[in-house]
Amino acid sequence: MYWVSWALLLFSLFAFFDSAIRREDAYRAANKQTKAFWLIILGLAAAVNFFMGILDFLPIIGLIATIVYIVDVRPALRQISGGGRRWPRGRGSSSDGPYGPFNGR
């Protein structure tokens, strides 16, 4: 149970930090709750997971909130903000313009 508690804590901390780095306007564009709402909910989930045992009622509610963020909100935010990849692969060369490759003519 010790390792499960640590895994849940890390899972909720990951969701909290992921929600912290997303832009506020992406939440509105994805038609989700505000950034402050998710920061509060996920911060409370991480705190509850840190201070309480896995078999209590509140950590299960925090786990459900974290799963909702990871499964529903995070993919919508990534789609709005451009996928979240640093190095896009196979999306064309750096000389491509909005209407195709730039030939210089």
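So here's what we get for this one:
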{"item": "Helices (runs of 4 or more DSSP H) contained entirely in the stretch 24-87, each with at least 1 residues that are under 19 Å from residue 11 (Cα atoms) and open to solvent by 60 Å² or more (accessible area, probe 1.4 Å)", "result": "35-51, 57-68, 74-80"}
{"item": "Top-ranked residue in the stretch 1-23 [being of a type outside the set (A, V, I, L, M, F, W, C), assigned to a helix (DSSP H, G or I) and out of contact with any Phe, Trp or Tyr (no Cβ under 6 Å at 6 or more places or on another chain); ranked as surrounded by the fewest Cβ atoms within 10 Å (Cβ to Cβ)]", "result": "2"}
{"item": "Filtered residue count, the stretch 6-16, keeping only those that are of a type in the set (Phe, Trp, Tyr) and touching a Leu at 6+ places or on another chain (Cβ under 9 Å)", "result": "2"}
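The values are calculated or read from the model by the stated rules, or taken from the named source; none is laboratory data. Being a predicted model, the structure only gives us computed values, none of them experimental. Here Cβ is always computed from backbone atoms with ideal geometry, including for glycine, and neighbour counts include all displayed protein chains. For the accessible areas, the whole protein counts, side chains as well, though only heavy atoms, and no ligand, DNA or RNA atoms are used. Shrake-Rupley method; radii C 1.70, N 1.55, O 1.52, S 1.80 Å.
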